[in-house]
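These notes concern the structure reproduced below.
The values are calculated or read from the model by the stated rules, or taken from the named source; none is laboratory data. Remember, predicted model here, so these are calculated numbers, not experimental data. Every residue, glycine as well, gets a Cβ built from its backbone with ideal geometry; the counts of neighbours run over all protein chains shown. The area values use the complete protein model at the heavy-atom level, side chains included, leaving out ligands, DNA and RNA. Shrake-Rupley method; radii C 1.70, N 1.55, O 1.52, S 1.80 Å.
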Amino acid sequence: MAQGHIIPFLALAFQLEKTNKYTITFVNTKKNINKLRSSLPPNSSFNLVEIPFDSSDHNLPPDTENTDSIPYNLVPILIEATLSFKPHFRKLVSGLVSEQNGQKKPLCIITGIFFGWCAEIAHEFGVFHALFTAGGGFGFACYYSMWMNLPHKNTDSDEFLLPDFPEASRIHVTQLTDYLRVADGSDSFSVSMQKLLTLWKNVDGILVNTVEELDKIGLMYFRREICPQVWPIGPLLLSTGSKDRAGKQLGISSQVCKNWLDTKPCSSVLYVSFGSQNTIAPSQMMELALALEATGKDFIWVVRPPSGFDINSEFKANEWLPEGFEERIKLSRKGLVVHNWAPQVDILSHKSVSAFLSHCGWNSVLESLSHGVPMMGWPMAAEQFYNVKLLEEEIGVCVEVARGKICEVKHEEMVSKIGLVMNETEKGKEMKRKACEAKEIIENAIKDEKNYKGSSTKAMDEFFNAAFTMRESTLG
């Protein structure tokens, strides 16, 4: 029930549909299903099924069904509220089984990370259950370990190791989300999170939207601590042809973006976007605008209202950007300021783009690396802090620019880091080389040729083998 999770689920469903072997039933609440329906091609074979949900029964605003329509502080309440799906989901699975008179049960049930309780219902009907984490292995390994152990509560130091994941090296207290920082194990959110994450150990397997060769340490943790059957099947990304990224309305057309990028030299443009749900503070936004103007670099910046304002409301440039900023940028043709949503894959795949300043949500990471574009990280929520850690310390394709929504940022420092990545510095050249290596690793992972199968293709085969083995044993 978050855009960043629905997109890879949809990408997974499209990939399965292409095989022509499976009937796919996509389950969500009414508003999310309606959004999905509008983004599917007319010939799609998906069954879309609604789970009843009234958010006002759970102290949420009316019609709240997705994290992109609520402020960050209400997300834990929405997560907790999804436990109310249980009886409806059981009824749905029971119906699917009885339709076939019990002779042909669903092959498997794949659910999101906060729906581990579905394993109990799947097993009641003898159906294979897999969790699908839309994020990466390392990021979610750290996230899981942090919530399960709350190690920052056992030290006075600002830095600490994860007790069951020392391979992750030291974590700094500034790499904790606001909720994690105040969690002590007895507060309602950590009780809820620990209860939901403990359920991961009941699943039959875990699908991860990542590539084995880029994410070995995180996947090792999953296999060692949570479940031996872990399959990295990524990257699962929506193609540029998928309508407006699962129902999102673009603030600018792909063609306008392409036309503008076509006028720019190769590897000269900085793309800036913080995803569907994140935004920065008003003071940070001002500093970022000053930095972009001061660098003299060409840029595309996707802007949304700063924190403290409704992220889905109209963007007020005269209040949140330096005076005359948009006019100067338009006149000089140095930048495109896009309100709300941009055709990200079209931008990242263009030869003029040099680097991506991002919150480092996992979809954005995969889209960037799939096109060999190095990153500048500004993590803000969830596991994004650990994604940046992986990208910077392990893969070598990222420089962290800032951390969180309240840190003080100075435009002079940002100008320096943008120059480090985009100018012909040793560091910049090395990051570009490593990003191109990551692109090649990703391309190899998804190969499915007569004499060669990539690691992600093999992992998908292994997942299906496990599901079919369970079906045969329960039917036998």
Practice prompt. Could you name the lysines whose alpha carbon sits less than 24 Å from that of Lys450, not counting residues in the same chain fewer than 8 places away?
Written response: Lys18, Lys21, Lys439, Lys458
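Keeping every protein chain in place, order Leu74, Leu162 by accessible area at 1.4 Å, biggest value first, i.e. largest first.
Values: Leu74 30, Leu162 0 Å².
Solvent-accessible surface, decreasing: Leu74, Leu162.
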Worksheet item: Within the accessible area of the chain, what % is carbon and sulfur when the probe is 1.4 Å and the other protein chains stay in place?
Response: 51
Discussion item. Suppose accessible area is computed on protein heavy atoms with a 1.4 Å probe; arrange Asp448, Asp215 from highest to lowest.
Written reply: Asp448, Asp215
Discussion item. Please give the charge dipole size of the chain, origin at the Cα centre, charges +1 on K and R Cβ atoms and -1 on D and E Cβ atoms. Round to the nearest 20 debye.
Written reply: 1200
Response to the item:
Computed over the chain, the relative contact order (Cα-Cα under 8 Å, seq sep at least six) in percent reads 15
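Using only the Cα atoms of region 157-218, build the gyration tensor, take square roots of its eigenvalues as a ≥ b ≥ c, and label the shape rounded, prolate or oblate: rounded if a/c is under 1.5, else prolate if a/b is larger than b/c, else oblate. Please list the in-between numbers first.
Numbers: a/c = 2.28, a/b = 1.16, b/c = 1.96.
Oblate, since a/c reaches 1.5 and b/c is not below a/b.
Given the -39500 (n - 2.57) contribution per DSSP H run of 4+ residues, what per-residue ellipticity at 222 nm results for the chain, rounded to the nearest 500 deg cm²/dmol? Please list the in-between numbers first.
Numbers: 20 runs with 201 residues, N = 476.
Result for the chain, helices only: -12500 deg cm²/dmol.
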Item to complete: Give the cross-link partners of Lys153 among the lysines, using a straight C-alpha distance below 27 Å as the criterion and excluding same-chain residues fewer than 8 apart.
Response: Lys195, Lys201, Lys389, Lys405
Worksheet item: Kirkwood Rh, Cα Rg: Rg to Rh for region 318-396?
Response: 1.03
Worksheet item: On a 0 to 90 degree scale, rounded to 10, what angle separates helix 282-295 from the longest Cα axis of the chain?
Response: 60
Item to complete: Please give the helix 3-18 orientation as an angle from the longest Cα principal axis of the chain, in degrees from 0 to 90, rounded to the nearest 10.
Response: 60
Practice prompt. Using +1 at the Cβ of each Lys and Arg and -1 at the Cβ of each Asp and Glu in the chain, identify which of Ile121, Trp320, Gly428 lies farthest towards the dipole's positive end.
Written response: Ile121
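Using a 10 Å cut-off on Cβ atoms, rank the peptides 230-238, 304-312, 53-61 from the highest mean neighbour count down.
230-238, 304-312, 53-61
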Worksheet item: Rounded to the nearest 20 Debye, what is the dipole magnitude of region 309-377 about its Cα centre when Lys and Arg each give +1 and Asp and Glu each give -1 at the C-beta?
Response: 360
Discussion item. Give me the three principal axis extents of region 7-70 from the C-alpha atoms, as integers in angstrom, largest value leading.
Written reply: 42, 19, 18
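Have a look at the DSSP beta bridges in the chain and tell me what percent are antiparallel, nearest 5. It would help to have the intermediate numbers written out before the result.
On the way: 3 of 39 bridges.
Counting DSSP beta bridges with both partners in the chain, the antiparallel share is about 10 percent.
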Discussion item. Report D for region 201-344 in µm² per second (integer): Stokes-Einstein, Kirkwood Rh on Cα pairs, 10 °C, 1.306 mPa s.
Written reply: 88
Worksheet item: Each residue of region 434-449 in turn: what ³J(HN,Hα) in whole Hz from Karplus with 6.51, -1.76, 1.60 and θ = phi - 60°, glycine and Pro shown as x?
Response: 5, 5, 5, 5, 4, 4, 5, 4, 5, 4, 5, 5, 9, 5, 9, 10
Response to the item:
Going residue by residue through region 316-330, the Karplus relation 6.51 cos²θ - 1.76 cosθ + 1.60 with θ = phi - 60° gives ³J(HN,Hα) values, rounded to whole Hz and with x marking Gly or Pro, of 9, 4, 5, 9, 10, 10, x, 4, x, 4, 4, 5, 4, 5, 5
Discussion item. Explain nothing, just the number: relative contact order of region 208-318, from Cα pairs under 8 Å at least 6 residues apart, as a whole percent.
Written reply: 20
Worksheet item: How big is region 357-422 in terms of Cα radius of gyration and Dmax, in angstroms?
Response: 11.3, 32
Worksheet item: Which peptide among 87-95, 431-439 comes first, and what is the full order, when sorted by highest mean count of other Cβ atoms within 10 Å?
Response: 431-439, 87-95
Worksheet entry | For Val230, distant residues with modelled amide H under 5 Å away | Ile206
Fill in: Other-chain or far-sequence residues with amide H under 5 Å of Leu357's (modelled H)
Tyr271, Val272, Ser273, Met376
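How would you order 270-283, 185-198 from highest to lowest mean count of nearby Cβ atoms within 10 Å?
Details: 270-283: 21.5, 185-198: 15.1.
The packing order, highest mean first, is 270-283, 185-198.
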Practice prompt. With 20 Å bins from zero, work out the P(r) of the chain over every alpha carbon pair and list the percent per bin.
Written response: 23, 58, 18, 1
Worksheet entry | Computed log₁₀ I(q)/I(0) - Debye formula, equal Cα scatterers, no solvent, region 343-473, q 0.16 Å⁻¹ | -0.84
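Nearest 20 debye, what's the magnitude of the dipole of region 123-230 about its Cα centre given +1 on Lys and Arg Cβ and -1 on Asp and Glu Cβ?
Working: 8 positive and 14 negative charges, 30 e Å.
In debye, rounded to 20, region 123-230 gives about 140.
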Fill in: Residues of the chain: accessible area per residue with a 1.4 Å probe, Å²
43
Item to complete: Have a look at Asn34, Ala81, Phe165 and report the one farthest towards the positive end of the charge dipole of region 27-182, computed about the Cα centre with Cβ charges (Lys/Arg +1, Asp/Glu -1).
Response: Asn34
Worksheet entry | Acute angle (nearest 10 degrees) that the helix 455-475 long axis makes with the longest principal axis of the chain, alpha-carbon atoms | 20
Fill in: Arg37 accessible area, 1.4 Å probe, all protein chains in place, Å² to nearest 10
120
Worksheet item: Whose amide H sits under 5 Å from the amide H of Ile24, counting only residues 5 or more places off or on another chain, with H placed in the peptide plane?
Response: Asn47
